[in-house]
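For reference, the structure discussed in these notes is given below.
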Amino acid sequence: MPSPHDTEHMVDDTAQHNAVRQASSEALEEAAVWARERHPGTELATALRDGYPAPVLCGTSRHARMVVLGSRHLTRPEEIFSGCSVVLPVAAQAHCPVVVVGGSEGIPKGPPHLVVGVDGSESSKAAMALAFQEAGLRGCELHAISVWQPPVFSFQNETAAVGAQRRMLTETAAGWAHEYPDVKLTHEVLTGHPVECLAEAAEHALALVVGRRGRGGYTGIRLGSVVHGLLHRAQCPVITVPSR
């Protein structure tokens with residue numbers, strides 16, 4: 001919640017500040033009760049901190065294994081210019097993986113599985129590592145996908161390009177497959193736009209895991225067009241993973 005000393009936004013009324021703090025405490029307690037009823041064996045703590053959500057959560061992420069956020073599905077201008085925008089800046093700046101959960105759960109089909117997008121970058125290698133860890137913890141299958149997007153003008157042979165993508169997928173997964181022998185792995189190279197292909201492939205997945213390139217500024221513009229598109233397009237939770 002905003003600090004009582006935030007003169008820029010004129011939050012200096014003690015009574016109003018106390019009322020907001022009380023309402024926030026009640027909301028936290030309601031959330032804690034909701035969670036404890038569903039997961040009674042999980043240790044749970046709550047904290048009410050002064051400041052704006054994105055900077056506070058990014059700071060907290062230094063000491064966290066994962067940050068989980070709910071998405072309000074703001075438009076891009078709303079995300080960029082709203083002081084209350086959380087998903088975009090946190091997903092771009094957090095020091096740990098960030099899970100973004102939409103408002104509704106998808107309808108699972110087939111065996112429980114995760115989908116991981118791989119493009120050969122260091123961040124996608126980190127995404128592959130986390131995907132194997134999550135699949136091992138959940139006892140589910142893992143589907144690794146690489147997307148080849150045909151350029152508008154190119155003399156590159158499509159068969160050769162797709163073959164190179166398959167080799168990259170195999171090499172990226174090789175070490176982790178040995179470390180997690182109980183995780184059933186399948187991999188596939190799709191042709192088309194990465195956002196559309198990955199979102200469609202993960203429609204019935206438990207989650208979609210993707211790497212995050214770089215570290216964005218305050219607005220998180222450097223989050224990357226594919227990851228940004230998936231945060232809006234994917235029906236399942238999206239896990240963004242920074243480079244190690």
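The values are calculated or read from the model by the stated rules, or taken from the named source; none is laboratory data. Worth saying up front: this structure is predicted, and the values here are computed from it rather than measured. All Cβ positions, even for glycine, are placed from backbone atoms using ideal geometry, and neighbour counts span all protein chains on display. Just so you know, the surface numbers come from the protein's heavy atoms only, side chains and all, with ligands and any DNA or RNA stripped out. Shrake-Rupley method; radii C 1.70, N 1.55, O 1.52, S 1.80 Å.
List of remarks:
- A Förster distance of 45 Å, applied to the separation of the beta-carbon atoms of Asn157 and Val56, puts the FRET efficiency at 0.35.
- Residue ranges 87-93, 167-173 sort as 87-93, 167-173 when ordered by packing (mean number of other C-beta atoms within 10 Å per residue, highest first).
- Sites Ala64 and Ala19, calculated FRET efficiency, Cβ-Cβ separation with R0 25 Å, nearest 0.05: 0.25
- Apportionment of accessible area to carbon and sulfur, region 133-186, percent (1.4 Å): 53
- A 1.4 Å probe run over region 123-204, with the rest of the protein chains in place, finds 56 Å² accessible per residue.
- Between Arg138 and Glu171, the simple spin-label model (points 7 angstrom out along Cα→Cβ) gives 2.8 nm.
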